[in-house]
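*Asks:* A single structure is presented below for examination.
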Amino acid sequence: MELQTLVDEPVVIALAVLVLGLVVGYVVGRLNEELLRAAEVPEAVEGTPFERTAQSLGTSTVKIVARLSSWFIYGIALLTAIHIAQLLPTEAFWQTIWTFVPQVFVAVLVILVGFVAADKAELAVSEYLRGVKLPEVSIIPRIVKYSVLFVAFLIALAQINVAVLPLLILLTVYTTGLVLVGAFAFKDFLVSSAVGIYLLLNQPYGIGDRVEIGDHAGIVQEVDLFVTKIESDSKEHVIPNRVVFEDGFVRIRD
């Protein structure tokens with residue numbers, strides 16, 4: 001009878017719920033970590049600044065996401081235990097917590113994914129533009145990164161019911177300004193890409209042709225969307241396609 005009374009005590013039930021939550025949270029965290037590794041997430045985020053920062057702190061992106069799921073369950077278990085033990089009887093408060101905690105979890109997860117996606121986007125754009133010898137190009141990967149982060153923060157704030165209309169207006173202004181400023185600042189880049197499209201479609205000269213572009217003459221080694229590479233006397237000249245448009249070219253016939 002005394003044992004039954006002890007088992008029915010709210011504090012004992014609360015402790016049991018807390019212990020169960022700790023066990024379930026740990027198991028779920030380990031399971032999520034294994035699933036993320038099986039999905040090759042470590043390889044996908046390898047080399048990103050976020051992953052390097054995580055490794056410098058003795059952890060990794062996969063472990064952070066897995067532990068996030070564990071701490072979410074720990075938090076739910078703790079709140080449930082406190083509620084069962086009737087330590088804080090305010091019902092409205094706990095109703096707010098039950099609604100708010102999942103939203104915070106999703107918001108934090110969105111921000112983590114946003115950081116990783118932003119880093120990957122920056123690396124991908126940098127790799128794609130590596131051969132472009134235009135000074136304006138170096139800023140493009142950063143613009144892509146912070147644009148992805150801005151969108152991620154918008155989504156995260158929307159998850160916790162923060163009014164995002166002013167931020168959406170700011171995003172619209174930012175995008176409009178980016179287009180206007182970009183059109184002016186990257187006019188050489190845009191001209192080079194437009195000429196590159198023309199060269200790739202019409203192929204007025206191709207790989208192996210001997211050409212003269214501006215002050216440079218040599219054999220064409222590569223033509224891409226932004227630059228033409230020619231080689232002469234063991235030197236490779238990387239010429240922006242806009243120079244082809246501005247100065248023209250001469251194809252030398254042997």
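*Asks:* State yes or no: is Leu157 farther than 26 Å from Ile239 by Cβ and at pLDDT below 75?
*Replies:* Judged against the criteria, Leu157 is not a match.
*Asks:* Only residues that are more than 30 Å from Leu149 (Cβ to Cβ) and either aliphatic (A, V, I, L, M) or not in a helix (DSSP H, G or I) (or both): list them for the stretch 13-50, please.
*Replies:* Ile13, Ala14, Leu15, Ala16, Val17, Leu18, Val19, Leu20, Leu22, Val23, Val24, Val27
*Asks:* Which residues, taken from the stretch 196-240, are in contact with a helix residue (DSSP H, G or I) (Cβ under 8 Å, 6 or more places away or on another chain) and part of a strand (DSSP E or B)?
*Replies:* Ile213, Val223, Val227, Thr228, Pro240
*Asks:* What pairs come up if the first residue lies in the stretch 126-142 and is closer than 19 Å to Thr228 by Cα, the second is modelled with pLDDT of 70 or more and exposed (fewer than 13 other Cβ atoms within 10 Å of the Cβ), and their beta carbons are under 6 Å apart, counting only those six or more places apart or on different chains?
*Replies:* Sorted first by the residue in the stretch 126-142, then by its partner, the list stays empty.
*Asks:* Just for the stretch 110-141: of the residues that are closer than 30 Å to Ala66 by Cβ and exposed (fewer than 13 other Cβ atoms within 10 Å of the Cβ), which one is modelled with the lowest pLDDT?
*Replies:* Result: Glu127.
*Asks:* Going through the stretch 218-243 one residue at a time, which ones are touching a residue at least 24 places away in the same chain (Cβ under 8 Å) and touching a Ser or Thr at 6+ places or on another chain (Cβ under 6 Å)?
*Replies:* Correct list: Leu225, Phe226, Ile239, Pro240, Asn241, Arg242.
*Asks:* Whether any residue in the stretch 83-91 is charged (D, E, K, R), modelled with pLDDT under 80 and open to solvent by 50 Å² or more (accessible area, probe 1.4 Å) is what I want to check.
*Replies:* Within the stretch 83-91, one or more residues are charged (D, E, K, R), modelled with pLDDT under 80 and open to solvent by 50 Å² or more (accessible area, probe 1.4 Å).
*Asks:* Among the residues of the stretch 28-60, write down those that are farther than 20 Å from Trp71 by Cα and of a type in the set (A, V, I, L, M, F, W, C).
*Replies:* Result: Ala38, Ala39, Val41, Ala44, Val45, Phe50.
*Asks:* Follow-up question, since we're still on this one. When you check Tyr146 against the structure, is it of a type in the set (Ser, Thr, Tyr), under 24 Å from Lys120 (Cα atoms), modelled with pLDDT under 80 and open to solvent by 30 Å² or more (accessible area, probe 1.4 Å), yes or no?
*Replies:* Answer is no for this residue.
*Asks:* Further question on the same structure: Using beta carbons and a limit of 6 Å, which pairs, at least six apart or on different chains, have the first residue in the stretch 54-66 and under 8 Å from Glu33 (Cβ atoms) and the second one modelled with pLDDT of 75 or more?
*Replies:* Note: pairs meeting the criteria are Val62/Glu33; Val62/Leu36; Val62/Val41; Val62/Pro42; Ala66/Gly29; Ala66/Asn32; Ala66/Glu33.
*Asks:* Within the stretch 191-232, which residues are open to solvent by 30 Å² or more (accessible area, probe 1.4 Å), polar (S, T, N, Q) and either closer than 15 Å to Phe245 by Cβ or under 31 Å from the mean Cα position of the chain (by Cα) (or both)?
*Replies:* Asn202
The values are calculated or read from the model by the stated rules, or taken from the named source; none is laboratory data. In this text, all values refer to a predicted model and were calculated from it rather than measured experimentally. Ideal geometry is used to build each Cβ from the backbone, glycine not excepted, and the neighbour counts take in all protein chains shown. Surface areas here come from the heavy atoms of the whole protein model, side chains and all, with no ligands, DNA or RNA. Shrake-Rupley method; radii C 1.70, N 1.55, O 1.52, S 1.80 Å.
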